Amino acid sequence: MVGKLLLRGMLVGLVAGILAFAFARVYGEPQVDKAIAYEEQQAQAAGAAPEPEMVSRVTQAGIGLATGVLVYGAALGGLFSLVFAYAYGRLGSLGPRGTSALLALLGFLAVIVVPSLKYPANPPAVGNPETIGYRTELFFIMIAISIAAMVAAVGLAQRLWNQLGAWNASIVAGLAFLVVFALVKAALPDINEVPENFSATVLWQFRVASLGIQLVLWTVVGLGFGAVAARVVAARDQRGPARRYA
């Protein structure tokens, strides 16, 4: 069944990637164009020669963006299906749709929202090229800690389930996750490389668009895969008795 779920997860991820690409084209690319225009204006004001364009903006915003988002979506769907295959049946009495929706919500919070609260996405012209490696390391450290904390919080909720009940156990686990996040957020260094005269509106709209792209991906994967997984699980359950008595 895992192989079937993996294939279907990747297909759902591709569909999510198509929708995310459409969202990025409408809401994300205009903010990128504004940021690039600002960068070019700053270079002209400083008397710097324009850098050669290795890849045209048409390619970047078209086939380049589509390729990246579709590959990312397929990979996300595949990884999500594997996590689902492990978690299904271990999260109480949740069925395939409920399990998929819950995993998507927890994954979106742990992988996207929480790290972005510490290190939000920045458009072109924001950030020092010399610190990109350092900033990338900090971002992935934040993601790793966030995922580990979320897994630990889910495990804590399961251990407290019988003692406190589902609702109270979830609240306690959620508070524990927030405490860990607050400590990690305070411990990791802040990074603020936004130029003083950079448009706050463009920065805000770019970050909202970046979050929106991820929201589209995770929502479609969570809901779409849940519907597909429900059919796979139902088909397996129907074949079970026939195989036992064959």
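Summary of values
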quantity	calculated
Of residues in segment 193-205 being open to solvent by 30 Å² or more (accessible area, probe 1.4 Å) and part of a helix (DSSP H, G or I), the one nearest to Met142 (Cα to Cα)	Trp204
Filter pass, Val216 being modelled with pLDDT of 95 or more and buried (at least 17 other Cβ atoms within 10 Å of the Cβ)	yes
Entirely in segment 1-107, the helices (runs of 4 or more DSSP H) that have 2 or more residues that are in contact (Cβ under 8 Å) with a residue 40 or more places away in the chain, closer than 21 Å to Gln205 by Cβ and within 22 Å of the chain's Cα centre (by Cα)	2-23, 29-45, 65-87
Close pairs from segment 215-233: first within 17 Å of Ala74 (Cβ to Cβ), partner part of a helix (DSSP H, G or I) and among the polar types (S, T, N, Q), Cβ under 7 Å, at least 6 apart	Gly222/Ser100; Phe225/Ser81; Phe225/Ser100; Ala229/Ser100
Long-range neighbours under 9 Å by Cβ, at least six apart or interchain, first residue farther than 10 Å from Met150 by Cβ and free of Cβ contacts under 8 Å to residues at least 40 places away in the same chain within segment 173-185, second open to solvent by 40 Å² or more (accessible area, probe 1.4 Å) and in a helix (DSSP H, G or I)	Ala176/Ala152; Ala176/Leu156
Criterion violated by Gly226 - all others in (1) modelled with pLDDT of 90 or more; (2) open to solvent by less than 80 Å² (accessible area, probe 1.4 Å); (3) farther than 30 Å from Leu5 by Cβ; (4) among the small types (Gly, Ala, Ser) satisfied	(3)
Output for segment 1-18, where each listed residue is open to solvent by 90 Å² or more (accessible area, probe 1.4 Å) and β-branched (Val, Ile, Thr)	Ile18
Single residue of segment 178-192 satisfying the filter (open to solvent by 60 Å² or more (accessible area, probe 1.4 Å) and assigned to a loop (DSSP other than H, G, I, E, B)) that is modelled with the lowest pLDDT	Asn192
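The values are calculated or read from the model by the stated rules, or taken from the named source; none is laboratory data. Since the structure is predicted, the reported quantities are computational estimates derived from the model, not experimental observations. Quick reminder, even Gly has a Cβ in these numbers, built from the backbone with ideal geometry, and neighbours come from all protein chains shown. Note: areas computed on protein heavy atoms with side chains; ligands, DNA, RNA excluded. Shrake-Rupley method; radii C 1.70, N 1.55, O 1.52, S 1.80 Å.
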